[in-house]
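**Student:** For reference, the structure I am asking about is given below.
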Amino acid sequence: MELWSLLQDLLFDYTLRTVALGAAVLGIVSGSLGSFAVLRRQSLLGDAMSHAALPGIVIAFILTRSKFSLVLLLGALVAGWLATLLMTAIVRYTRVKQDSALGLVLSIFFGFGLVLLTYVQRIPDANQAGLNSYLFGQAAALLQRDVLAMAVLGSAALVLMGLFWKEFKLLSFDPVFGASLGFPMRLVDTLLTTTLVIAIVVGLQAVGVVLMSAMVVAPAAAARQWTDRLSIMVLLAALFGALAGVIGALISSSGSGLATGPTIVLVVSAIVTISIFLAPNRGLLWRWIVRRRNRRRLRVEAVLADLYTLATQHENRYHAHDAVVIRTMRAGQGGVAHTLDILQERGLVRKEDESRWALTPDGFREAQRITADMQE
Amino acid sequence: MEEKHAAIEVADLTVAYQEKPVLWDVDMYVPEGILMAIVGPNGAGKTTLIKAIMGLIQPAAGQISIYGKPFREQRGLVGYVPQRGSVDWDFPTNVLDVVMMGRYGRLGWIRRPGREEERLALEALEKVGMARYSERQISQLSGGQQQRVFLARALVQEAQIYFMDEPFQGVDATTERAIITLLKELSAANKTVVAVHHDLQTVPEYFDYVTLLNVRCIASGPVEQVFSEENLRATYGGRVAFLTAAGNGAEQVEPAATTAGHGAI
Ligand SMILES: Nc1ncnc2c1ncn2[C@@H]1O[C@H](COP(=O)(O)OP(=O)(O)O)[C@@H](O)[C@H]1O
Ligand SMILES: [Mg+2]
């Protein structure tokens, strides 16, 4: 019932439609560009950029008194970009390492932003501009023109990604080789960083500066679990991002009173959790099953090899040997009886009496093959 | 020995990362069409030397020329095989894609690789015996296969000079033979190869020239002239007595670095 009414609202309710559209845009953009950040192990960079955007937003408001999100987001863009430049400069010209530089810039910019935010509350129009919603995000406050601004900025980022796909891939995989080919990798890095700043800025109003980095990292990390191809990873991350964005924004806007940022992050966390456990190949469950199967196979092969050793030492290769002997050869590793049962099911061994086992002709051939493999 | 064209000339090269010089006043002359080994202990500056020649590191002083001109003008003549451990082999891509990266320089900005690049990449994979693996995820390659992929990527650069950083490091015997065959083929086609090498024993067998490096260039020239016990001692600090009495080879000074992290060979 509730789902049905939600769907109806989505189709016919202007506010909800706007919110969902905005959330989808932000999810697509941050998911795609987040993929590169994750692959370059720069997840924290997104965090620093988004926090650093806060003073940019507030200063843009103070300077222009504008309520237009596009103006405020441009302020965020400039601040995020300056923060990145500052971090690069700190790492290059001082002995401060990357992680410390990130933490430093993040806290300085964010702290400064908070101070400005407190100060600006005294300005009459501040509440109307919804500056507070930039902390934890308020998707319900999105207007159509906000979504339009997000779409314009987001498309710019996606177009850049499409154009420089090959260069971004080179930068992410082997930047030194790229430089040897003559590409100015610092410029490529600046380009990719710029698109990442744009992607973050697009989501600030809806998700907020505090949690925006989750939308950069989480969809991409989840997508990586499911595929081994960059292009598919980017598409999946966009899909996961959009899904989390829309679901989270709808839950938060449908009168639950929950802030949008945390709600979206909860949804995306669920997607990540599912991906980490269930994805084929990389998923924990999958790996556990494979490991179990391998261990069982190895155990079976080992017992077969032992029987083979016994058989070759005896003049009659199909002579039955006591399970106790095999158990001694497999010192300390249990499960011999069970393994023998498995082998019998496959017709590789034969039970002579209560405790004695012998290879069958099939078993002898199989054991011969395994022993030959082992000696290779 | 007849005078050949100089493929690479390095004069008075000095490089420092911070204050401490990593390379000091290095001179090197590499004739066209030869295979040169660069040997020296860990941290001797071998990787730095290659990177400085290729303009990847700004030297503090020195001149470098490739066929008589600055590297920048000759970039298209040079191919590069970086140290295998310098990239993340868990990156989501496959063998063919990595090899095609060798064509990116020719393609320039924005243009994507197409049929022609794919054909060249497959051809190069054929040469290194990896044709069957073109669709393979790079995370599933053994150390030796990773090395072959990097070699194939350099081959599609269609260069005259190849710089290779430890191409034999942590590879199996089959791959080592395949690589050395490839190097000899390159040399026969008058290409020049400069490779960082760790196994002193195989230097005389694999290479024509050798540069002994330990911050300074201890010696550089034809193997039979400069690969002497005295020079090796100067390079490695005389820590180990290595040349055998027969004088036809050297024991390894450093245990060949193993790369357990890279899975089965
Ligand atoms: N990016 C860098 N920053 C600072 N020092 C470096 C850097 N790269 C290498 N070094 C130092 O320079 C020296 C030479 O390094 P390298 O050329 O990699 O040696 P090799 O390849 O012979 O083992 C080493 O002492 C190393 O610690
Ligand atoms: Mg090195």
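**Student:** Picking from B:E166, B:E116, which residue would you name as being within 26 Å of B:I34 (Cβ to Cβ) and charged (D, E, K, R)?
**Tutor:** Checking each option against the conditions leaves just B:E166.
**Student:** Can you pull out the helices (runs of 4 or more DSSP H) entirely within segment B:126-213 that have at least 3 residues that are surrounded by fewer than 22 Cβ atoms within 10 Å (Cβ to Cβ) and away from ligand 2 (no atom under 16 Å from the Cβ)?
**Tutor:** Working: elements: B:143-155, B:173-188, B:203-206.
Of the helices (runs of 4 or more DSSP H) lying wholly inside segment B:126-213, those with at least 3 residues that are surrounded by fewer than 22 Cβ atoms within 10 Å (Cβ to Cβ) and away from ligand 2 (no atom under 16 Å from the Cβ) span B:173-188, B:203-206.
**Student:** How many residues does segment A:144-177 hold that are at pLDDT below 95 and either outside the structural domain of A:M233 (by TED's automatic domain parsing) or of a type in the set (S, T, N, Q) (or both)?
**Tutor:** Summing the residues that are at pLDDT below 95 and either outside the structural domain of A:M233 (by TED's automatic domain parsing) or of a type in the set (S, T, N, Q) (or both) in segment A:144-177 gives 1.
**Student:** Considering only segment B:16-60, state which residues are within 15 Å of ligand 1 (Cβ to nearest atom) and over 19 Å from the mean Cα position of the chain (by Cα).
**Tutor:** If the condition is that a residue be within 15 Å of ligand 1 (Cβ to nearest atom) and over 19 Å from the mean Cα position of the chain (by Cα), then B:A16, B:Y17, B:Q18, B:E19, B:K20, B:P21, B:W24, B:Q58, B:P59, B:A60 are the ones that fit.
**Student:** Residues of segment A:89-102 being buried (at least 16 other Cβ atoms within 10 Å of the Cβ) and free of Cβ contacts under 8 Å to residues at least 24 places away in the same chain, which ones?
**Tutor:** Filtering segment A:89-102 for residues buried (at least 16 other Cβ atoms within 10 Å of the Cβ) gives A:90-91, A:101-102.
Correct list: A:I90, A:V91, A:A101.
**Student:** Which residues, counting only those in segment B:59-83, are free of Cβ contacts under 8 Å to residues at least 40 places away in the same chain and within 12 Å of chain A (Cβ to nearest Cβ)?
**Tutor:** B:F71, B:R72, B:E73, B:Q74, B:R75
**Student:** Still on this model: Report the residue count in segment B:91-132 for those that are farther than 29 Å from B:A7 by Cα and within 9 Å of another protein chain (Cβ to nearest Cβ).
**Tutor:** Selection size over segment B:91-132: 9.
Rundown of residues vs (1) in the same structural domain as A:G130 (by TED's automatic domain parsing); (2) of a type outside the set (F, W, Y); (3) without any contact (Cβ under 8 Å) to a residue 60 or more places away in the chain; (4) over 16 Å from A:A24 (Cβ atoms), yes/no style:
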| residue | (1), (2), (3), (4) |
| --- | --- |
| A:W226 | yes, no, yes, yes |
| A:R229 | yes, yes, yes, yes |
| A:G248 | yes, yes, no, no |
| A:I251 | yes, yes, yes, no |
| A:S275 | no, yes, yes, yes |
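**Student:** Here's another thing I want to ask about it. With the checklist (1) within 25 Å of A:F173 (Cα to Cα); (2) hydroxyl-bearing (S, T, Y); (3) modelled with pLDDT of 90 or more in hand, flag the one item A:T64 doesn't pass.
**Tutor:** (1)
**Student:** Picking from B:G68, B:G105, B:G76, which residue would you name as being farther than 30 Å from B:L141 by Cα and away from ligand 2 (no atom under 16 Å from the Cβ)?
**Tutor:** So the residue among B:G68, B:G105, B:G76 that is farther than 30 Å from B:L141 by Cα and away from ligand 2 (no atom under 16 Å from the Cβ) is B:G68.
**Student:** Which numbered condition trips up B:G263, out of (1) surrounded by fewer than 17 Cβ atoms within 10 Å (Cβ to Cβ); (2) modelled with pLDDT of 95 or more?
**Tutor:** Failing condition for B:G263: (2).
**Student:** In segment B:1-84, which strands (runs of 3 or more DSSP E) lie fully inside it and hold 2 or more residues that are out of contact with any helix residue (DSSP H, G or I) (no Cβ under 9 Å at 6 or more places or on another chain) and surrounded by fewer than 18 Cβ atoms within 10 Å (Cβ to Cβ)?
**Tutor:** It comes to B:6-16, B:21-31, B:61-66.
**Student:** Identify all residues within segment B:1-58 that are farther than 14 Å from B:V194 by Cα, more than 16 Å from ligand 2 (Cβ to nearest atom) and touching a Cys at 6+ places or on another chain (Cβ under 7 Å); write none if there are none.
**Tutor:** B:D27
**Student:** Evaluate the following for B:D88: is it of a type in the set (D, E) and either more than 9 Å from every other protein chain (Cβ to nearest Cβ) or not in a helix (DSSP H, G or I) (or both)?
**Tutor:** yes
**Student:** Could you list, in sequence order, all residues of segment B:167-218 that are within 16 Å of ligand 1 (Cβ to nearest atom), more than 20 Å from B:A6 (Cα to Cα) and within 14 Å of chain A (Cβ to nearest Cβ)?
**Tutor:** If the condition is that a residue be within 16 Å of ligand 1 (Cβ to nearest atom), more than 20 Å from B:A6 (Cα to Cα) and within 14 Å of chain A (Cβ to nearest Cβ), then no residue fits.
**Student:** If you don't mind, another one. Go through the residues of segment A:354-364 one by one and say whether even a single one is part of a loop (DSSP other than H, G, I, E, B), surrounded by 15 or more Cβ atoms within 10 Å (Cβ to Cβ) and modelled with pLDDT of 85 or more.
**Tutor:** yes
The values are calculated or read from the model by the stated rules, or taken from the named source; none is laboratory data. Please read all numbers here as calculations on a predicted model, not as lab measurements. A quick note on method: Cβ atoms are made from the backbone with ideal geometry, for glycine too, and the neighbour counts reach across all protein chains shown.
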